[in-house]
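Presented below is the structure to which this report refers.
The values are calculated or read from the model by the stated rules, or taken from the named source; none is laboratory data. The structure displayed is predicted, hence computed values, not measured ones. Because the Cβ atoms are built from the backbone with ideal geometry, glycine has one as well, and the counts that use them run over all protein chains shown. SASA here: full protein model, heavy atoms, side chains in, ligands and nucleic acids out. Shrake-Rupley method; radii C 1.70, N 1.55, O 1.52, S 1.80 Å.
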Amino acid sequence: MSILKINDLEKHEEHSLVFPAFSLEVSEHEVIAIHSSTNVRAILVKLFLGELPVSNGELSINGHEIMKSKKAYFNQVGMFLLDNGIYERLSVKDHFAFFKKLYSSEISMDDALRMTQLEPKRNIRVSKLTASEKRRVHFGRLLFQDPALFIFEEPDQNTDLETKRVFLKLVRKLSERGKGVLVLTGNMESALSVTDKVCRLDETGLHVLDVVSDEETTDALPKEEHKSEDQIIEEEIIIQPVRFEKIPTKVNDKIVLFDPPEIDYIESNEGQSNIYIKGEMYPSVFTMTELENRLHPYGFFRCHRSYIVNLQKVREVVTWTRNSFTLVLGDAKKSSIPLSKTKMAELKGMLGLK
């Protein structure tokens, strides 16, 4: 059953098109992320809040449109926004007690504290918490509200690892309970860490990214059975020679050549391979498969269907949940690259880890 329905929604800002008409539905048990620019995200938030009129198209939650039935609409949606306020003078426990009473929630205080990992802070004033812990207090507020649809704006932006883990576990539990979840973010790694259903929204429209789960990828691969001893020996003695070559990229009407060690990582976006070097993006003339083959001798690793990473640039391997991993690079931006479950096992083998 669909909870959120967006039908032919479009937005113009003065004389420019923010995004053309698009349609999207979020159903029970479903988690969808919309990856967009800051401006597009801000416009979407204002539309969901009713601060901007829906002049073209329709937006409803469980059949309620904000302009026609405002109270019923807001009873069905809970929103975490980056600029949410908070009662700084209250303790975490008092803060939760206030919202538990406000929403007549059946969720116990202990359950909310456990789900947000705030048990040790229950008697601490909110003003004494870190920014990441305050973020978890906001998550707790939404739990007490218990809406049909949860909307999160950049939920893990500038948060610590514990808060990111809390958020991922929270989303999983909300999905299990039949809730709909919509994540609005400008960080592709954040979007992929929470769901495989990722859409990109920009001035060209809404584009659903081709994200294949590990199980689908494994099932699609041909199975190798009954290899002869000669074949196994032959495979074992193959040594990949070291090659020296430049990697061409496109910059306007010029081709720029880079040495492989300069590259931090490569991302696939709508069939286009983009090379990232010191925070700058350069479109590649090669496909991901071609780049994987060319760069393998230089220590590059296909860590995800949509990513190839220079292992020499990796500084941390972070485990969020049993099936969610991230590679953190040592560049100035501390870039985060998703690592799929099956690739995690392969990486451990390469590193000699059990």
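Taking the stretch 327-354 as the range and being closer than 13 Å to residue 193 by Cβ, touching a residue at least 24 places away in the same chain (Cβ under 8 Å) and not in a helix (DSSP H, G or I) as the test, the residues that pass are 327, 336, 337, 338, 339, 340. Checking residue 29 against (1) open to solvent by 40 Å² or more (accessible area, probe 1.4 Å); (2) modelled with pLDDT under 90; (3) under 30 Å from residue 159 (Cα atoms), only one condition comes out false. Which one? Result: residue 29 passes all but (2). Scanning the stretch 48-62 for residues that are in a loop (DSSP other than H, G, I, E, B) and either crowded, with 16+ Cβ neighbours inside 10 Å or of a type in the set (Gly, Ala, Ser) (or both) returns 50, 54, 55, 57, 62. A residue that is of a type outside the set (Gly, Ala, Ser) and assigned to a loop (DSSP other than H, G, I, E, B) occurs somewhere in the stretch 313-325. Can you tell me which of 127, 132, 37 is of a type in the set (Gly, Ala, Ser), within 24 Å of residue 156 (Cβ to Cβ), within 20 Å of the chain's Cα centre (by Cα) and open to solvent by 30 Å² or more (accessible area, probe 1.4 Å)? From the options 127, 132, 37, the qualifying one is 37. In the set 185, 195, which member is open to solvent by less than 10 Å² (accessible area, probe 1.4 Å) and closer than 24 Å to residue 325 by Cβ? None of the others qualify; the one that does is 185. On the basis of being among the aromatic types (Phe, Trp, Tyr), in a helix (DSSP H, G or I), touching a Ser or Thr at 6+ places or on another chain (Cβ under 8 Å) and without any contact (Cβ under 8 Å) to a residue 60 or more places away in the chain, does residue 98 make the cut? Criteria not met by residue 98. Annotation: residue 34 fulfils all but one of (1) touching a Phe, Trp or Tyr at 6+ places or on another chain (Cβ under 8 Å); (2) under 16 Å from residue 181 (Cα atoms); (3) β-branched (Val, Ile, Thr); the unmet one is (1). When 54, 26 are checked against the criterion of being in contact with a helix residue (DSSP H, G or I) (Cβ under 8 Å, 6 or more places away or on another chain), in contact (Cβ under 8 Å) with a residue 12 or more places away in the chain and of a type in the set (Val, Ile, Thr), 54 stands alone in meeting it. Taken over the stretch 1-20, the criterion of being hydrophobic (A, V, I, L, M, F, W, C), closer than 20 Å to residue 186 by Cα and open to solvent by 20 Å² or more (accessible area, probe 1.4 Å) is satisfied by 17 alone. Any chance the stretch 100-122 includes a residue that's under 30 Å from residue 6 (Cα atoms), modelled with pLDDT of 95 or more and open to solvent by less than 20 Å² (accessible area, probe 1.4 Å)? No, the stretch 100-122 contains no residue that is under 30 Å from residue 6 (Cα atoms), modelled with pLDDT of 95 or more and open to solvent by less than 20 Å² (accessible area, probe 1.4 Å).
Within the stretch 295-321, take every residue that is of a type outside the set (A, V, I, L, M, F, W, C) and either surrounded by 16 or more Cβ atoms within 10 Å (Cβ to Cβ) or in the same structural domain as residue 167 (by TED's automatic domain parsing) (or both) and give me the one that is farthest from residue 200 (Cα to Cα). The qualifying residue farthest from residue 200 (Cα to Cα) is 298. Somewhere in the stretch 63-83, is a residue among the hydroxyl-bearing types (Ser, Thr, Tyr), in contact with a Gly (Cβ under 8 Å, 6 or more places away or on another chain), in a loop (DSSP other than H, G, I, E, B) and open to solvent by less than 60 Å² (accessible area, probe 1.4 Å)? Checking the stretch 63-83: not a single residue is among the hydroxyl-bearing types (Ser, Thr, Tyr), in contact with a Gly (Cβ under 8 Å, 6 or more places away or on another chain), in a loop (DSSP other than H, G, I, E, B) and open to solvent by less than 60 Å² (accessible area, probe 1.4 Å). Is there a residue being aromatic (Phe, Trp, Tyr) and under 23 Å from residue 287 (Cβ atoms) anywhere in the stretch 325-336? The answer is no; no qualifying residue exists.
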